[in-house]
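Structure, as structure tokens:
The values are calculated or read from the model by the stated rules, or taken from the named source; none is laboratory data. Owing to the predicted nature of the structure, the values given are computational and were not obtained by experimental measurement. A quick note on method: Cβ atoms are made from the backbone with ideal geometry, for glycine too, and the neighbour counts reach across all protein chains shown. Keep in mind that these areas ignore ligands, DNA and RNA; they rest on the heavy atoms of the full protein, side chains included. Shrake-Rupley method; radii C 1.70, N 1.55, O 1.52, S 1.80 Å.
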Amino acid sequence: MIISFLNQKGGVGKTTLSINVAAWLASQGRKVLLVDADKQGSATTWASLRDETPFQVISMARENLAKDVMRLAADFAATVIDGPPHAEGIARACIIASDFVALPIEPSGLSTWASDLTVRQVQEAQAYKETLKCGFVVSRKIGNTVLGREIRTMAADAGIQLLDAEVEQRVAYAESLTMGKTIFEWSPTGTAAKEIMTLTDEIIRHV
Ligand SMILES: Nc1ncnc2c1ncn2[C@@H]1O[C@H](COP(=O)(O)OP(=O)(O)OP(=O)(O)O)[C@@H](O)[C@H]1O
Ligand SMILES: [Mg+2]
């Protein structure tokens, strides 16, 4: 099972979701691999703040990573790929390796995400690989922003499902990441932890 978090846009929550989804998968006794496919190395930096990680973390940010990631993933129950922003070739390789591509999107403001490059890349890949699943994940949602009908329509037009699980803007996500913790270590009974569990369960159901 290879799940990637991808969006060409920076700062939408790819790393935050990758680390915490990997953590939740690992907490249930699975052997989990996190691939840091971003040259910025945010996930690797997070791992370096710790003595040990609840899952294995490797850094691999190159355009020919697909084969190597698939080979490595064979030894793990689940592999999560933290994708890069602004790196078309690497993003394509992540998509090729994946069973499920999660596309975090911020619902606020004027959104063009339904026609963005990453969506087009996923659609292209699906033409070759019918088993490739994907879904938009509402990320960094502010308070009770009502998700307009527009956002559902845009997702439907792109032919990509919008997952039910939503992740709100919560300070606990930023704090835990900065401190080198997972959300489950930082605030195990908090709402953020529940959001990650719900999101992970929904993704797993689709894989
Ligand atoms: N749900 C959230 N609530 C609060 N802060 C968040 C949330 N998601 C992400 N952040 C914060 O926003 C910043 C960007 O998040 P993150 O690094 O996960 O995004 P990214 O998509 O991986 O960015 P990049 O494209 O640069 O790799 C970080 O400081 C992170 O702590
Ligand atoms: Mg990142």
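Below are the figures for this structure:
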{"read-out": "Cβ-derived FRET efficiency at R0 30 Å, K67 paired with N144, nearest 0.05", "value": "0.10"}
{"read-out": "Table column - 3J(HN,Hα) (Hz), the range 36-50, Karplus curve with 6.51, -1.76, 1.60, x for Gly and Pro", "value": "8, 9, 10, 4, 4, x, 4, 5, 5, 4, 4, 5, 6, 7, 10"}
{"read-out": "Cα→Cβ-extended label distance, 7 Å offset, between E185 and H86, nm", "value": "3.0"}
{"read-out": "Given the chain, longest segment not containing exposed loop trypsin sites (Lys or Arg not before Pro) (DSSP; at most 15 other Cβ within 10 Å)", "value": "130-207"}
{"read-out": "DSSP-assigned coil residues among chymotrypsin sites (Phe, Trp or Tyr not before Pro) in the range 1-101, each with at most 16 further Cβ atoms within 10 Å", "value": "none"}
{"read-out": "Set K141/K194; K129/K194; K67/K141; K14/K194; K14/K133; K31/K181 screened for pairs whose C-alpha atoms are more than 26 Å apart", "value": "K129/K194; K67/K141"}
{"read-out": "Solvent-accessible area per residue, Å², over the range 2-206 with all protein chains present [probe radius 1.4 Å]", "value": "47"}
{"read-out": "Computed [θ] at 222 nm, deg cm²/dmol, the chain (DSSP H ≥ 4; -39,500 (n - 2.57); rounded to nearest 500)", "value": "-13000 deg cm²/dmol"}
{"read-out": "Surface share of carbon and sulfur [accessible, 1.4 angstrom probe, percent] for the chain", "value": "51"}
{"read-out": "Convex hull of Cα atoms in the range 1-153, direction-averaged projection (nm²)", "value": "9.5"}
{"read-out": "Area projected by the alpha carbon convex hull of the range 69-180, averaged over all directions, nm²", "value": "8.5"}
